[in-house]
Amino acid sequence: MRLCVLASGSGTNLQAIIDACEKGFISANVVKVISNKKDAYALERARQKGIPSKFIDPKSFRDRKSYDEKIAEEVEEAGADLIVLAGYMLLLTPEFVKRYPYRITNIHPALCPAFPGTHAIKDAIEYRVKVTGVTVHFVDEGMDTGPIILQYPVFVEDDDTVESLEEKIHKVEHKLYPLALRLISLGQIDIQGRHIKILDKDWKKYLEGDDLPW
Ligand code: GAR
């Protein structure tokens, strides 16, 4: 499977995906990385691995629709099967989403549908929830609303801060996203509308303990 990753930030999830592909845990390769931010460290991570990477400036396009048309062009050029959003902080246009049904994935640092948007970890701390977590889902036209592939909980302790919770969430993310992509790459999911059934009933075993599953 050929993955095109879109990222806006430091790219720790991108890194976990690249590593998991290299180790054969995901049956796929990252073939292109695109960012809407010039200084996104995700681009540097791609360069270090010799993966084609590109900053595409939204300001050079007349609107979001034409920006996403350019992204689609890049996806096609890369021959990507799956578009993987990894900390991509732009909402995709409905036209783009419609073009790729069940072919765009996203990771969100909360248990959807709780805390959508760009400040999910801060929102969870301010709400003082006792449990939050991580969601990997297919992308639909809404904000973090698409069909859920995997979710995993993270407990929030009384002394947790945004920073400490972020650290715990990232640890889960770096296993959960590769696992979701592994299941997709191995055909271990059965898509029935919003209901994404996981055929590997043992999937939770990959998330137990501190070790990486690859
Ligand atoms: C991740 O925590 C991801 O869940 C979040 O951005 C971070 C990117 O980190 N995404 C969202 O909030 C999407 N709504 P990274 O650049 O180190 O992978």
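Here, each number is a calculation from the coordinates, and none is a lab measurement. Because the structure is predicted, anything quoted here is derived from the model rather than measured. All Cβ positions, glycine included, derive from the backbone under ideal geometry; neighbour counts span all protein chains shown.
Observations on the structure shown:
- Beta bridge orientation in the chain: antiparallel %, DSSP, nearest 5: 50
- Efficiency of FRET from Cβ geometry, HIS195 and GLU76, R₀ 25 Å, rounded to 0.05: 0.25
- Highest to lowest packing among 191-197, 70-76, scored as the average C-beta count within 10 Å: 70-76, 191-197
- Across the range 39-157, C-alpha contacts under 8 Å between residues 6 or more apart give a mean separation that, scaled by the residue count, equals a relative contact order of 19 percent.
- Net charge of neighbours whose Cβ lies under 11 Å from the Cβ of PHE115, counting Lys and Arg as +1 and Asp and Glu as -1: -2
- Amide H to amide H, with H built 1.01 Å from N, ILE104 comes under 5 Å of ILE83, VAL139, counting only residues 5 or more places away or on other chains.
- For the range 1-73, the normalised intensity computed at q = 0.13, 0.18 Å⁻¹ comes to -0.38, -0.68 (log10 of I(q)/I(0), Debye sum over alpha carbons, equal scatterers, no solvent).
- For the chain, the relative contact order comes to 19 percent (Cα pairs under 8 Å, sequence separation of at least 6).
- Shape call, the range 59-214: gyration tensor on alpha carbons, a/c limit 1.5: oblate
- The range 1-30 and the range 109-137 have Cα centres lying 23 Å from one another.
- Where only C-alpha atoms are counted, convex hull volume of the range 148-214 per residue in Å³: 101
- Fluctuation leader among TYR41, TYR127, TYR102 - the chain, Gaussian network, Cα springs under 10 angstrom: TYR127
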